[in-house]
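Peer 1: A single structure is presented below for examination.
The values are calculated or read from the model by the stated rules, or taken from the named source; none is laboratory data. Values in this document were obtained by computation on a predicted structure and should not be read as measured data. Positions of Cβ are generated from backbone atoms using ideal geometry, with glycine treated the same way; all protein chains shown enter the neighbour counts. Only protein heavy atoms, including side chains, enter the accessible area calculation; ligands, DNA and RNA are left aside. Shrake-Rupley method; radii C 1.70, N 1.55, O 1.52, S 1.80 Å.
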Amino acid sequence: MDHAPAPEGRSAPAPDAGRDRVLTVPNALSALRLVLVPVFLWLLFGAHANGWAVAILMFSGFSDWADGKIARLVDNQSSRLGELLDPLVDRIYMITVPVALALYGVVPWWIVLTLLGRDVVLAATLPILRRRGLTALPVTYLGKAATFALMAGFPWVLLGQWDATWSRVALACGWAFLLWGVALYLWSAVLYLLQVGMVVRQLPVRS
């Protein structure tokens with residue numbers, strides 16, 4: 001059906017004008033997660049308040065899941081800013097948290113190097129995509145699941161540092177999440193590289 005003409009003196013709204021919105025619930029959650037990064041570091045290394053540090057990590061993992069759900073299911077909550085901000089905050093957490101916990105002595109460095117190495121490899125593909133007119137490939141559900149599993153595992157591992165029976169259970173749960181998250185994180189990288197290969201074969205380099 002054809003759209004009715006706009007009333008005289010008014011221009012018809014752009015179909016995706018709302019995509020430029022900034023003040024949305026998902027964007028607010030992403031911004032809050034970003035602000036909490038230095039707070040987490042201060043609680044861990046400055047105040048030695050591990051309980052509060054765990055609370056921040058749990059909130060961050062939950063809000064990362066929630067902002068994606070809200071953006072997809074609630075009208076007028078998705079935006080271009082959110083598509084950039086959410087994965088950016090994810091990357092910041094995926095660098096800051098494992099490095100911090102490795103320095104704190106509760107996560108081995110091989111996990112940190114694996115996660116960082118994966119991100120370096122994927123970052124190296126960005127010039128290839130940009131030469132073909134793409135800024136990046138869409139974030140996949142598998143990648144989001146991997147990030148969620150890792151962000152769930154880190155606080156449980158930190159909870160596992162107390163001297164109590166429940167703490168040993170928490171540590172076992174944390175390692176289950178971490179190992180599963182690392183496996184998904186690497187597998188999502190393989191799928192991403194396969195997509196990059198398809199782009200290279202199908203899209204010419206722009207002059």
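Peer 1: In debye, nearest 20: dipole of the range 107-206 around its Cα centre with unit charges on the Cβ of K, R (+) and D, E (-)?
Peer 2: With Lys and Arg at +1 and Asp and Glu at -1, about 600 debye.
Peer 1: What is the percent carbon and sulfur in the accessible area of the chain, measuring with a 1.4 Å probe over the protein chains and ignoring ligands?
Peer 2: 70 percent
Peer 1: Another question, then. Provide TRP156, TRP52, TRP65, TRP180 ordered by accessible surface of protein heavy atoms (probe 1.4 Å), highest first.
Peer 2: TRP52, TRP180, TRP65, TRP156
Peer 1: State, as an integer percentage, the relative contact order of the range 15-116 based on alpha-carbon contacts under 8 Å between residues 6 or more apart.
Peer 2: 35 percent
Peer 1: Among MET198, ALA149, SER188, whose Cα lies farthest out toward the positive end of the dipole of the chain, if unit charges sit on the beta carbon of Lys, Arg (+1) and Asp, Glu (-1)?
Peer 2: So the residue we want is MET198.
Peer 1: Please work out the C-alpha center-to-center distance from the range 78-150 to the range 163-207 and express it in whole Å.
Peer 2: After rounding, the separation between the Cα centres reads 9 Å.
Peer 1: Taking 10 °C and 1.306 mPa s as the conditions, I'd like the Stokes-Einstein D for the chain in µm²/s, using the Kirkwood hydrodynamic radius from alpha carbon pairs.
Peer 2: In µm²/s, the coefficient is 83.
Peer 1: Tell me which DSSP H helices of the chain clear both cut-offs, 18 Å or more of axial length from alpha-carbon atoms and a mean Kyte-Doolittle hydropathy of at least 1.6.
Peer 2: Flagged H segments are 25-41.
Peer 1: Taking one equal scatterer on every alpha-carbon of the range 23-105, how large is log10 of I(q)/I(0) by Debye at q = 0.11, 0.21 1/Å?
Peer 2: Taken in order of the listed q values, log10 I(q)/I(0) reads -0.31, -0.90.
Peer 1: Considering the dipole of the chain built from charges on the beta carbon (Lys and Arg +1, Asp and Glu -1) around the Cα centre, which of PRO127, THR96, LEU34 is farthest to its positive end?
Peer 2: Highest projection toward the positive end goes to PRO127.
Peer 1: Can I ask one more? Mind checking Rg over Rh on the range 157-207, alpha carbons, Kirkwood formula for Rh?
Peer 2: That ratio equals 1.44.
Peer 1: Just the accessible area per residue of the range 107-206, please: how many Å² with a 1.4 Å probe?
Peer 2: Ligands and nucleic acids excluded, the result is 56 Å² per residue.
Peer 1: Along each of the three principal axes of the Cα atoms of the range 107-206, give the extent in whole Å, ordering the values from largest to smallest.
Peer 2: 60, 23, 16
Peer 1: Let me check against my output: what whole-number percent is the relative contact order of the range 107-206, with C-alpha pairs under 8 Å and at least 6 apart?
Peer 2: 35 percent
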